[in-house]
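Asks: This is the structure I have questions about; it appears just below.
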Amino acid sequence: MTIAQPAIAAHTDANLRHDWTLDEVQALFSKPFNDLLFQAQTLHRQYFDPNAVQVSTLLSIKTGACPEDCKYCPQSARYDTGLEKERLMEVEAVLEKAKAAKAAGSDRFCMGAAWRSPHERDMPYVLAMVKGVKELGLETCMTLGMLDEGKAQRLAEAGLDYYNHNLDTSPEFYGEIISTRTYEDRLGTLDNVRKAGMKVCSGGILGMGESKRDRAGLLRQLANLPQHPDSVPINQLVKVAGTPLENAEEVDPLDFIRTIAVARILMPKSHVRLSAGREQMTEEMQAMCFFAGANSIFYGECLLTTPNPAANKDQALFRKLGINSEHKVTQAPAELEAILASRPDESAQYSRVGV
């Protein structure tokens, strides 16, 4: 006997605000835990199927040697983490991995390159990747660093659906983490992405030594953008030896879940992605994140260079929770893991979080 799922409630855009004060956001963080999750779940059900999770696959198309000094990132050329540099992948190799991702149930294929911004010499190959993945029937996403208006427009014309560029943390704490680009630089890239007609993927990282006020400040900044990000990745720092944050204090799991819930309340129409750091999360913690409003994940055992739960583990958890991804699986998850790992790469233990 099949039990009918409750219909998603009718909603208006009255919940979509862009004028949150820091005091209001901090007040949400301070609510009793049960009340906060109830509010987040109630609002989540107004806009989404509560038992559906969007599934993406992320591939590093160019690894290491980044000139930026982001303190969380082992792909920075400034830190000695043992990460091996890799050149930009060939287009056909990327498309083979996109085919495997689609067969394993992903509906969006995300490609990341460790650049400050894409070089002109690489743009023809990047544009060919976008066009090729689109032809496979997948949504496309890229994270390539900063974009000017011209490169953003060319990516949009090639068919890029989403562009990821995280704010990482609050404006006040940002200077403690990165000095090689400004907060305004990041906001400028998001503006160029919107002007070009692409969707924005932007979130942040927890566990870098930020205060609770900084977490509220990050979410307020995202929610007060002229248009909410379409996707909001919430990352838990993956600490890597050799980076300045290798000994950062662990994030309390309940604080992380609170952040997911507040993101859902502030940006009710956005997909909130449970992103980097899931390998260290228990099934129970992930389940609570889904209840708090997370409805997107990355599939596959590696996020750029960050360890991630194997696809078959995610499918097993989805079965336990009664969650269904939005696309049909036609290939065994184990095959996806093998294909994604087929590129010679010894960097799976390292992380470039923030996707």
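The values are calculated or read from the model by the stated rules, or taken from the named source; none is laboratory data. Note that the structure is predicted; figures quoted are calculated from it, not measured. Methodologically, a virtual Cβ is constructed for each residue, glycine included, from the backbone with ideal geometry; neighbour enumeration extends over all protein chains shown.
Asks: What about residue 297, is it modelled with pLDDT of 95 or more and either in a loop (DSSP other than H, G, I, E, B) or among the aliphatic types (A, V, I, L, M) (or both)?
Replies: Details: modelled with pLDDT of 95 or more: no; either in a loop (DSSP other than H, G, I, E, B) or among the aliphatic types (A, V, I, L, M) (or both): yes.
No.
Asks: While we're looking at this one, here's another question. Only one of these is over 16 Å from residue 260 (Cβ atoms), touching a Ser or Thr at 6+ places or on another chain (Cβ under 7 Å), of a type in the set (Gly, Ala, Ser) and not in a helix (DSSP H, G or I): 242, 217, 209, 197. Name it.
Replies: The unique qualifying residue is 242.
Asks: Still on this model: Search segment 251-280 for residues being in contact with a strand residue (DSSP E or B) (Cβ under 9 Å, 6 or more places away or on another chain) and in a loop (DSSP other than H, G, I, E, B), and hand back the single one that is surrounded by the fewest Cβ atoms within 10 Å (Cβ to Cβ).
Replies: The qualifying residue surrounded by the fewest Cβ atoms within 10 Å (Cβ to Cβ) is 251.
Asks: So, one more: Farther than 29 Å from residue 119 by Cβ and touching a strand residue (DSSP E or B) at 6+ places or on another chain (Cβ under 6 Å): which single residue out of 190, 206 fits that description?
Replies: On the way: 190 fails: farther than 29 Å from residue 119 by Cβ.
Exactly one residue qualifies, and that residue is 206.
Asks: Another one. Taking residue 181, is it in contact with a Ser or Thr (Cβ under 8 Å, 6 or more places away or on another chain) and farther than 24 Å from residue 128 by Cα?
Replies: No.
Asks: Residues of segment 135-167 being of a type in the set (D, E, K, R) and over 20 Å from the mean Cα position of the chain (by Cα), which ones?
Replies: 135, 148, 149, 151, 154, 157
Asks: Inside segment 271-296, can you point out the residues that are of a type in the set (Val, Ile, Thr) and farther than 16 Å from residue 238 by Cα? Write out each step before concluding.
Replies: Here is the first cut: in segment 271-296, the residues of a type in the set (Val, Ile, Thr) are 272, 282.
Selection gives 272 alone.
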